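A.B. asks: Quick one: the structure is below, questions incoming.
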Amino acid sequence: MRARPFGRALSRLRALDRLGPMPFVVRPAALEDAARLEEIEAAADRLLIDLLDAEDWPAPDGATERLALPGVVLVSELQPGEVIGFAHLLELEGHAHLEQVSVLPRFGRRGAGRMLVEAILAEAARRGHRTVTLRTYADVPWNAPFYETCGFVETRPDTPFLTRLVDVERALGLPRHGRRLQMTARVGA
């Protein structure tokens, strides 16, 4: 396996730290946001592709399809109309699953991702869920280590739905780029 270019990606992230937090507003996504969501996911994926040297990374589903799935997509705005990130809570088979969190890299490490995750956890609780799961990379700094700071802990897939997610990841070749894991956060009462 080739050495991964963590240094270049991490130095870009450290530079963002010096910019400090910014005021963000979180709201439900609208169909008009679809094109912007695709831009955001492509930019966020590029950071991951560079980090993992994963030029074979699978293309994401379209945002229009994402918005039609059961659950909710929340967006983060820097100012009205300037969407800079989103999070997708997928609700299937009684599960609340954090399917995606993407923030434009130039707005990374300023609180938008954390605000989106906190809003998704609150929305899941409001909808009556007790837990939220996600799947992520164990060793990518803005993946598992970040989610741990948001209250997620490593767990094992224990339902057919969660096991199917592992199968989908294998079919997409995601484990080739590093250890994948499931994480779960408790929400609500």
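The values are calculated or read from the model by the stated rules, or taken from the named source; none is laboratory data. Computed from a predicted structure; not experimentally measured. Neighbour counts run over all protein chains shown; Cβ positions are idealised from the backbone, glycine included.
A.B. asks: How many residues are at pLDDT 95 or above and touching a Leu at 6+ places or on another chain (Cβ under 6 Å) if we restrict to the stretch 162-184?
C.D. replies: 1
A.B. asks: What number goes with the only condition from (1) within 17 Å of Gln182 (Cα to Cα); (2) out of contact with any strand residue (DSSP E or B) (no Cβ under 8 Å at 6 or more places or on another chain) that Glu65 does not pass?
C.D. replies: The failed condition is (1).
A.B. asks: Might you let me know whether the stretch 126-142 holds any residue that is surrounded by 19 or more Cβ atoms within 10 Å (Cβ to Cβ) and charged (D, E, K, R)?
C.D. replies: Checking the stretch 126-142: at least one residue is surrounded by 19 or more Cβ atoms within 10 Å (Cβ to Cβ) and charged (D, E, K, R).
A.B. asks: Among the candidates Ala87, Ala54, Ala63, which residue alone is touching a helix residue (DSSP H, G or I) at 6+ places or on another chain (Cβ under 6 Å), surrounded by 16 or more Cβ atoms within 10 Å (Cβ to Cβ) and modelled with pLDDT of 95 or more?
C.D. replies: Of the residues listed, the single one that is touching a helix residue (DSSP H, G or I) at 6+ places or on another chain (Cβ under 6 Å), surrounded by 16 or more Cβ atoms within 10 Å (Cβ to Cβ) and modelled with pLDDT of 95 or more is Ala87.
A.B. asks: Among (1) surrounded by fewer than 12 Cβ atoms within 10 Å (Cβ to Cβ); (2) within 23 Å of Val75 (Cβ to Cβ); (3) at pLDDT below 80, which single condition is Leu16 missing?
C.D. replies: All conditions pass for Leu16, except number (1).
A.B. asks: Considering only residues of the stretch 31-51 that are in contact with a helix residue (DSSP H, G or I) (Cβ under 7 Å, 6 or more places away or on another chain) and under 17 Å from Tyr137 (Cα atoms), which is surrounded by the most Cβ atoms within 10 Å (Cβ to Cβ)?
C.D. replies: Top of the filtered list is Leu51.
A.B. asks: Give the residue, chosen from Pro145, Pro157, that is surrounded by fewer than 19 Cβ atoms within 10 Å (Cβ to Cβ) and more than 18 Å from Arg186 (Cβ to Cβ).
C.D. replies: Pro145
A.B. asks: Looking at the stretch 93-123 only, could you name the residues that are among the aliphatic types (A, V, I, L, M) and either at pLDDT below 95 or surrounded by 21 or more Cβ atoms within 10 Å (Cβ to Cβ) (or both)?
C.D. replies: Correct list: Ala96, Leu98, Val101, Val103, Leu104, Ala112, Met115, Leu116, Val117, Ile120, Leu121.
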